[in-house]
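Visitor: Structure in structure tokens, see below.
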Amino acid sequence: MGTVYKNAGISDNVSGLHILRRTLATRLFREGYTVKEVAAYLGDEEATVSRYYIAARETREINGKRIAVVSLKRNGKK
């Protein structure tokens, strides 16, 4: 996966295929799927999905559209 990330221009420290799983979960959540629906799609527990895979921790409604406010932790910091 390191070669794939390098060729894509991603220089951030990412770990394997879990970044793709996290991206999918976050995008589904942003599109309006509930945590329960995302968990069912990924085949995982709701608590695990909301804690580790959905990067959005807060949502706001703006002009009738649900917008995710993203908060990613890096090296133990926000």
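The values are calculated or read from the model by the stated rules, or taken from the named source; none is laboratory data. Worth saying up front: this structure is predicted, and the values here are computed from it rather than measured. Note: ideal-geometry Cβ built from the backbone for every residue, glycine included; neighbour counts use all protein chains shown.
Visitor: Which residue pairs have Cβ atoms closer than 8 Å, lie 6 or more positions apart in sequence or on different chains, and pair a first residue in the stretch 1-25 that is surrounded by 10 or more Cβ atoms within 10 Å (Cβ to Cβ) with a second residue that is modelled with pLDDT under 75 and outside any loop (DSSP other than H, G, I, E, B)?
Guide: 14/5
Visitor: What number of residues within the stretch 29-46 satisfy the criterion of being in a helix (DSSP H, G or I) and either modelled with pLDDT under 90 or loosely packed, with under 14 Cβ neighbours inside 10 Å (or both)?
Guide: 7
Visitor: Moving on. In the set 66, 74, 57, which member is modelled with pLDDT under 70 and either on the phi > 0 side of the Ramachandran plot or surrounded by fewer than 10 Cβ atoms within 10 Å (Cβ to Cβ) (or both)?
Guide: 74
Visitor: Exactly one condition in (1) modelled with pLDDT of 80 or more; (2) assigned to a strand (DSSP E or B) is not met by residue 49; state its number.
Guide: In the conditions (1) modelled with pLDDT of 80 or more; (2) assigned to a strand (DSSP E or B), residue 49 misses (2) alone.
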